[in-house]
C-alpha cells in the first residue's frame with residue numbers, strides 16, 4: 001500500500017530551490033537597476049538646479065557691469081582708472097577677464113575668471129544693486145566682483161572692496177568666457193584679454209559652465225566635452241562623473 005503522505009523528492013526540492021534563486025536574482029537586479037535610475041535622476045536634477053542658479057547669478061552681475069545710477073549719469077561721471085585685485089583698470093572700463101588661468105592660488109588651473117566693476121544705486125543704497133553676498137551697494141561706492149572656479153570646484157563671487165567671498169555653487173568643473181564685439185554690421189568673437197579699445201566694442205559676454213557631479217564608478221562617461229567648438233579632455237579617473245555644459249549669451253551695458 002502506497003504512503004499518500006510522502007513529500008517532495010530531493011531532486012524536486014533542488015529544482016524548486018534553483019527556480020526560487022533565479023526569481024530572487026531577477027527581482028534583485030530589477031530593484032538594483034531601479035535604485036540606480038532613481039539616483040541618476042536625483043543627481044541629474046541637482047546639477048540642473050545648480051547650473052540654472054549659477055548661470056542666473058553670473059547673468060545678474062554681468063548686467064551690473066558699468067552700471068551708473070542717475071547721480072553719475074547727471075554728473076557725466078564714469079568709472080575712473082584704478083588698480084584693484086591685480087587688475088589695472090582704464091577709465092570707463094567695466095569688465096576684465098583672464099583666459100586659461102594657471103599658477104593662481106585661488107583660481108583653478110585652465111579655467112577663465114571674470115572681474116566686473118559697477119557703481120551702486122541710491123545715496124544710502126536702495127538694494128537695487130547688490131554685492132556678492134546680497135547686500136545693497138550705495139551710489140558712492142564702486143564695487144568689483146570677481147567670478148571664478150576654485151580648486152575645490154566651487155563657483156565663487158569675491159567682493160574685492162569688502163574682501164568677502166561667497167560660494168555660489170559646488171560641482172562646477174569649468175568656467176569659460178568669450179566676448180562678442182560689434183564691428184560695423186558684423187560680430188567678432190574673442191577670448192580674453194582684450195585691448196583697451198576693444199572693451200568699448202563689447203556688446204555681449206558669452207559664458208560656459210561645466211557642472212560635474214560624482215554619481216557611480218560604474219557610469220561610463222565621455223572622455224571629452226566641447227565648448228564653442230573647442231574640445232576639453234576629461235581625466236580617466238573623472239570619466240564617471242555626470243556632466244552638463246551650460247552656455248549663455250549676456251547683454252552688457254555699453
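Here, each number is a calculation from the coordinates, and none is a lab measurement. These figures come from a predicted structure and were not determined experimentally. Cβ placement follows ideal geometry from the backbone for every residue including glycine, while neighbour counts extend to all protein chains displayed.
Report the residues of the stretch 58-80 in range of a label on residue 123: point 7 Å along Cα→C-beta, backbone N strictly under 12 Å from it.
Flagged as within label range: 71.
Relative to the first principal axis of the alpha-carbon coordinates of the chain, what is the inclination of helix 10-64, with its axis defined by its Cα atoms, in degrees from 0 to 90 and to the nearest 10?
It is inclined by approximately 10 degrees.
In terms of the Cα gyration tensor, with a ≥ b ≥ c the square roots of its eigenvalues, is the stretch 41-132 rounded because a/c is under 1.5, prolate because a/b exceeds b/c, or oblate?
oblate
Which entry in [x] 66, 41, 37; [y] 62, 35, 32; [z] 118, 39, 37 is this structure's computed Cα extents along the principal axes in Å?
Derived directly from the coordinates: [z].
Would you look at the GNM of the chain, springs on alpha carbons closer than 10 Å, and say which of 150, 99, 126 moves the most?
Maximum among the listed residues: 126.
Based on the Cβ-Cβ distance from residue 14 to residue 39, what FRET efficiency comes out when R0 is 22 Å, to the nearest 0.05?
0.05
Pull out the extension gain between residue 82 and residue 140, defined as 0.36 nm times the separation in residues minus the alpha carbon to alpha carbon distance; nm, one decimal.
Additional length available on full extension: 19.3 nm.
Under the rule a/c < 1.5 gives rounded, and otherwise a/b versus b/c splits prolate from oblate, where does the stretch 51-202 land using the Cα gyration tensor?
Oblate, because a/c is 1.5 or more while a/b does not exceed b/c.
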